[in-house]
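*Asks:* Can you read through this structure? Questions will come right after.
The values are calculated or read from the model by the stated rules, or taken from the named source; none is laboratory data. The model shown is predicted, which means the values in this text are computed figures rather than measured ones. All Cβ positions, even for glycine, are placed from backbone atoms using ideal geometry, and neighbour counts span all protein chains on display.
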């Protein structure tokens with residue numbers, strides 16, 4: 001499918017605010033960026049760089065007053081996510097060095113405290129893709145999707161205790177459980193066609209059989225037509241805006257439509 005996506009953010013500041021945005025998707029696995037537009041009002045200088053996870057970041061200083069940023073993108077994306085029930089989990093000693101960081105506990109994913117639970121969920125099947133699929137299914141069944149039940153400080157352990165959350169909480173718990181059984185897992189944020197209510201979406205990927213596979217515990221089945229914007233260890237690495245000063249977000253609008 002070809003998708004047209006838009007993310008529009010409006011802010012008000014009382015001082016200059018240095019900001020790092022992470023709003024530009026890039027071509028890669030299962031997606032091709034066909035057209036893109038990055039608009040700032042008022043116009044200010046932009047310095048773009050690539051972070052340690054390969055994400056495109058835009059560094060600016062928001063001026064005093066009202067500020068608006070709009071990103072339009074047309075992209076060709078996969079209609080389905082890949083599945084391979086027979087793909088085998090790799091032993092840690094055989095993992096590529098660059099994925100080892102996705103085995104470690106992180107700010108929102110306390111995998112070292114979930115080892116017993118993860119083993120009880122996934123241990124009934126061979127060490128393959130199926131173990132991560134069981135984790136995805138368990139999180140989907142055990143956690144209720146409720147807006148307003150978590151915040152930017154909510155961790156995987158807190159989600160496990162409350163059994164409520166939104167997409168980022170589902171992703172954090174899935175990531176933590178995967179890492180607890182020595183499966184590298186990373187956070188993904190981006191756009192998803194027919195998401196309701198429409199917003200940016202979060203899910204996770206697990207490294208199986210020498211490559212990354214998509215898992216989304218918010219839903220009971222794999223869904224395609226998603227456009228990746230950023231990867232990281234958890235939500236701390238994939239914030240769409242990181243600001244260093246006083247500001248008020250006035251509005252945020254996200255749209256995803258077939259071209």
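*Asks:* Using the structure shown, decide if residue 23 is within 30 Å of residue 132 (Cα to Cα) and not in a loop (DSSP other than H, G, I, E, B).
*Replies:* yes
*Asks:* Right, another one. Just give me the residues in the range 130-158 being more than 11 Å from residue 174 (Cβ to Cβ), in contact with a strand residue (DSSP E or B) (Cβ under 9 Å, 6 or more places away or on another chain) and part of a loop (DSSP other than H, G, I, E, B), in sequence order.
*Replies:* If the condition is that a residue be more than 11 Å from residue 174 (Cβ to Cβ), in contact with a strand residue (DSSP E or B) (Cβ under 9 Å, 6 or more places away or on another chain) and part of a loop (DSSP other than H, G, I, E, B), then 146, 149, 150, 154, 155 are the ones that fit.
*Asks:* Same structure again: Give the residue that is farthest from the chain's Cα centre (by Cα), with candidates limited to residues of the range 1-32 that are buried (at least 18 other Cβ atoms within 10 Å of the Cβ) and more than 21 Å from residue 232 (Cβ to Cβ).
*Replies:* Top of the filtered list is 13.
Residue-wise test of (1) closer than 24 Å to residue 80 by Cα; (2) buried (at least 23 other Cβ atoms within 10 Å of the Cβ); (3) over 15 Å from the mean Cα position of the chain (by Cα).
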{"site": "120", "(1), (2), (3)": "no, no, yes"}
{"site": "144", "(1), (2), (3)": "no, no, yes"}
{"site": "172", "(1), (2), (3)": "yes, yes, no"}
{"site": "200", "(1), (2), (3)": "yes, no, no"}
{"site": "229", "(1), (2), (3)": "yes, yes, no"}
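*Asks:* Another question, then. Checking residue 179 against (1) closer than 30 Å to residue 15 by Cα; (2) in contact with a helix residue (DSSP H, G or I) (Cβ under 7 Å, 6 or more places away or on another chain), only one condition comes out false. Which one?
*Replies:* Against the list (1) closer than 30 Å to residue 15 by Cα; (2) in contact with a helix residue (DSSP H, G or I) (Cβ under 7 Å, 6 or more places away or on another chain), residue 179 comes up short only on (1).
*Asks:* Within the range 63-97, restricting attention to residues that are surrounded by 12 or more Cβ atoms within 10 Å (Cβ to Cβ) and closer than 17 Å to residue 130 by Cβ, which residue is nearest to the chain's Cα centre (by Cα)?
*Replies:* In this case the residue turns out to be 81.
*Asks:* A further question follows. Give the range 33-58 a look and list any residue that's surrounded by 12 or more Cβ atoms within 10 Å (Cβ to Cβ), within 20 Å of the chain's Cα centre (by Cα) and assigned to a strand (DSSP E or B), or say none.
*Replies:* Of everything in the range 33-58, those that are surrounded by 12 or more Cβ atoms within 10 Å (Cβ to Cβ), within 20 Å of the chain's Cα centre (by Cα) and assigned to a strand (DSSP E or B) turn out to be 33, 56, 57, 58.
*Asks:* Residue 84: closer than 23 Å to residue 254 by Cα, modelled with pLDDT of 95 or more and not in a helix (DSSP H, G or I), yes or no?
*Replies:* no
*Asks:* Can you confirm whether the range 105-112 contains a residue that is modelled with pLDDT of 95 or more, surrounded by fewer than 21 Cβ atoms within 10 Å (Cβ to Cβ) and in a helix (DSSP H, G or I)?
*Replies:* yes
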